[in-house]
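**Student:** Take a look at this one; I'll ask things after.
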Amino acid sequence: MRVLVTDGNERAALAVTRALGREAVEVIVGAEAKRSLAGASRYCRESFSYPSPYQDPQGFVNALVDVVHKQRVDALFPVSDIAMHVIGPEKARFAGYTHIPTPEAETFHDISDKYRLMQRAVAQGVPIPETIFVPDGQLDSILEQVREFPVVIKPGCSLVKEGKQWRKTSVCYAESRDALRRVYNQNPYLRHPSLIQQRVVGEGQGLFVLMNEGVPLGMFAHRRLRERPPSGGVSVLRESIALPKAMVDATLKLLQRAKWHGVAMVEFKVDAVSRRPLLMEINGRFWGSLQLAIDAGVNFPLRLLHMAMGKVEVLPENGYRIGVKSRWLLGDLDQLVMRMRKNDRQLNLPPDAPSRLQALLSFCRFFERDMFYEVERLSDLGPSRFELMRYLKLT
C-alpha cells in the first residue's frame with residue numbers, strides 16, 4: 001500500500017506517517033518545502049515540495065495529481081483545513097487513480113463553518129455557549145445585546161478566499177464595547193458572518209471520530225490539560241478519557257445527519273459551573289493531538305486507510321487505554337514562556353488560572369506513568385532534531 005500525506009510540517013502529518021509506516025505502508029510526504037517534520041521521519045519513504053495551497057491552489061492540486069499518477073498512490077490524506085478546502089472541489093481529477101476518504105466539499109464546508117454549525121446545533125438541541133450571530137459585521141443593532149465582557153469573537157470560517165488566494169482568520173477577545181468595535185473595524189474578514197460568544201471557563205474536551213457515510217466506526221475522547229496560548233488554543237498536554245455520553249450524543253446528532261465520511265474532531269468545553277459540554281467547533285480532518293489516540297491504542301490513520309480500500313472495521317466502545325497522556329514538548333515550552341513574560345490580563349486568563357510558580361512546577365514534571373512525547377521518539381529521532389533546529393532558528 002502507498003499513501004500520500006499532505007502538510008508535512010503539521011504534527012498530525014507526522015503522526016499519520018509514523019502510524020502507517022509502522023504497518024509497512026509506504027508513505028510519501030508533501031509539503032511547501034522539500035524538508036519537513038514528517039519528511040524527517042524514518043517512516044517517510046519519499047518527500048517532495050509543492051506550491052503553496054494558500055497562494056497557488058491550482059498549482060498545489062496539479063502537483064498532487066502528478067505524484068498520484070506517477071507513484072500509483074492508493075490513498076491521498078489531506079491533513080490541514082487548507083488542503084481539505086482546496087482538494088475537495090477537485091476530487092474528480094483524482095478519480096480512478098487514488099482514494100480520498102473525505103466528505104463532499106460542501107459537507108466539509110458546512111461543518112467547518114462555525115456560523116452555520118452553531119445555527120445547526122441550536123436547531124438540533126446541541127448546547128453551545130451564549131452566542132450572538134453577526135451576519136455582516138454590522139454591530140449597531142447588536143451591541144446592546146452584549147451584556148457581559150470579556151467576549152470571544154469568532155470568524156465563521158478559519159479560512160477566507162480572496163480572489164484566487166486563501167488567507168487565515170483568527171479568534172479575538174474584547175473586554176469592552178469599544179474594544180469590540182475596534183476588533184470589527186480592524187479585521188475585514190469579520191464583514192463575513194461571525195459569532196460573538198460568552199467566554200466559557202472550563203476544561204476543553206474533544207471527541208475523535210471515524211465515520212463511513214454517517215455510520216460511526218470508531219470514537220475516542222480526550223481532555224486538554226495545557227494549551228498554547230494558556231488562555232486556550234492548541235493543546236500541548238492532553239489525556240485520554242472514557243467516552244462522555246453527552247458529547248457522543250451531540251456528535252452523532254451533528255455528523256450522522258450530515259452523512260459524514262472520514263475523520264473529524266469535535267471540540268467541546270465543559271462549563272465549570274453547569275458541567276455541561278458546550279460545542280466549540282468541528283475540525284473535519286486529522287487533528288493536532290492525533291498521536292494521543294494512536295498511543296492509547298486507536299490507529300485512526302490505518303483504520304481510515306482500510307475504510308478507503310473497502311475494509312470496514314468497527315472499534316469497540318471505549319476500546320482504548322484511559323489515562324494515557326501525550327505531550328508536545330516545544331509547544332509546552334512556548335506556553336510556559338508566554339506565562340512567564342505576560343500577566344494574566346495580557347493572556348486573557350480566567351480567574352482560576354494557575355500562578356506562574358504553579359505553571360513552572362507543572363512544566364517540570366517530565367516523567368509520568370503512561371505519558372508519551374508527541375515528537376520525541378527514540379525509535380525515530382529525525383523529527384525531533386528537525387523541530388528543534390527549526391524552533392531555535394525561529395526564536
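The values are calculated or read from the model by the stated rules, or taken from the named source; none is laboratory data. Everything numeric here is computed off the predicted structure, so don't read it as measured data. Using ideal geometry, Cβ is built from the backbone for each residue, glycine included, and neighbour counts are taken over all protein chains shown. With ligands, DNA and RNA removed, areas are computed over all heavy atoms of the protein, side chains included. Shrake-Rupley method; radii C 1.70, N 1.55, O 1.52, S 1.80 Å.
**Student:** Just to confirm my numbers, what's the Cα centroid distance between segment 162-201 and segment 345-395 in Å?
**Tutor:** If you average the Cα positions of each part, the centres end up 29 Å apart.
**Student:** Which of the chymotrypsin sites (Phe, Trp or Tyr not before Pro) found in segment 57-154 are in a DSSP loop and have at most 16 neighbouring Cβ atoms, other than their own, within 10 Å?
**Tutor:** The qualifying sites are TYR97.
**Student:** Now for a separate question. Diagonalise the Cα gyration tensor of segment 5-81 and give the resulting equivalent ellipsoid semi-axes, square root of 5 times each eigenvalue, largest first, whole Å.
**Tutor:** Computed over segment 5-81, the values are 19, 14, 10 Å.
**Student:** Answer with one residue from THR107, ALA123, ALA92: the one whose Cα lies farthest towards the positive end of the charge dipole of segment 62-153, charges on Cβ with Lys, Arg +1 and Asp, Glu -1.
**Tutor:** About the Cα centre, the residue reaching furthest to the positive side is ALA92.
**Student:** Kindly provide the trypsin sites (Lys or Arg not before Pro) of segment 134-180 that DSSP labels as loop, not H, G, I, E or B, and whose Cβ sees at most 12 other Cβ atoms within 10 Å.
**Tutor:** Counting only loop positions with at most 12 other Cβ atoms within 10 Å, the trypsin sites (Lys or Arg not before Pro) in segment 134-180 are ARG147, LYS164.
**Student:** Next up: Let me spell out the model: positive unit charges on the Cβ of Lys and Arg, negative unit charges on the Cβ of Asp and Glu, origin at the Cα centre of segment 8-112. What dipole size does that give, in debye rounded to 20?
**Tutor:** Result for segment 8-112 is approximately 560 debye, rounded to the nearest 20.
**Student:** Moving on to the next point. If you take the charge dipole of segment 35-105 about its Cα centre, with +1 on Lys and Arg Cβ and -1 on Asp and Glu Cβ, which of ASN62, SER47, SER80 is farthest toward its positive end?
**Tutor:** SER47
**Student:** May I ask you to evaluate 6.51 cos²θ - 1.76 cosθ + 1.60, the Karplus curve with θ = phi - 60°, for each residue of segment 152-158 and list the ³J(HN,Hα) values in order in whole Hz, giving x for glycine and proline?
**Tutor:** Here the 3J(HN,Hα) series is 10, 9, 10, x, x, 10, 6 Hz.
**Student:** Starting at the first residue of segment 72-84, write each ³J(HN,Hα) from the Karplus equation 6.51 cos²θ - 1.76 cosθ + 1.60 with θ = phi - 60°, in whole Hz, x for Gly and Pro.
**Tutor:** 6, 6, 7, 8, 10, 10, x, 9, 9, 4, 5, 5, 5
**Student:** Something else: Taking the Cα centre as origin and putting +1 on Lys and Arg beta-carbons and -1 on Asp and Glu beta-carbons, what dipole magnitude results for segment 130-237, to the nearest 20 debye?
**Tutor:** Charge dipole, segment 130-237, about its Cα centre: 440 debye, nearest 20.
**Student:** Could you sort out which of LYS91/LYS393; LYS154/LYS259; LYS161/LYS269; LYS164/LYS325; LYS34/LYS259; LYS245/LYS325 sit more than 32 Å apart by Cα distance in this structure?
**Tutor:** The answer is LYS91/LYS393; LYS164/LYS325; LYS34/LYS259.
**Student:** Which GluC sites (Glu not before Pro) in segment 82-170 pass both tests, a DSSP loop state and at most 11 other beta-carbon atoms within 10 Å?
**Tutor:** Listed in order of number, the matching sites are GLU148.
**Student:** So, with +1 on the Cβ of K and R and -1 on the Cβ of D and E, and no other charges, what is the size of the charge dipole of the chain about its Cα centre, to the nearest 20 debye?
**Tutor:** Using only the charged Cβ atoms, the result is roughly 620 debye.
**Student:** What list of ³J(HN,Hα) couplings, whole Hz, do you get for segment 15-25 from phi and the Karplus terms 6.51, -1.76, 1.60, once you set θ to phi - 60° and write x for glycine and proline?
**Tutor:** Here the 3J(HN,Hα) series is 4, 5, 4, 5, 4, 7, x, 5, 9, 6, 8 Hz.
**Student:** While we're on this one: Would you pull out the residues with amide H under 5 Å of TYR173's amide H, same chain only if 5 or more places away, H placed 1.01 Å from N?
**Tutor:** ILE153
**Student:** Tell me the label only: which of [x] 25.1; [y] 17.8; [z] 18.8 is mean projected area of the Cα convex hull in nm² as calculated from this structure?
**Tutor:** Among [x] 25.1; [y] 17.8; [z] 18.8, the one derived from this structure is [z].
**Student:** Still on this model: How large is the accessible surface per residue of the chain, computed with a 1.4 Å probe and reported in Å² as a whole number?
**Tutor:** Using a 1.4 Å probe on heavy atoms only, each residue of the chain averages 46 Å².
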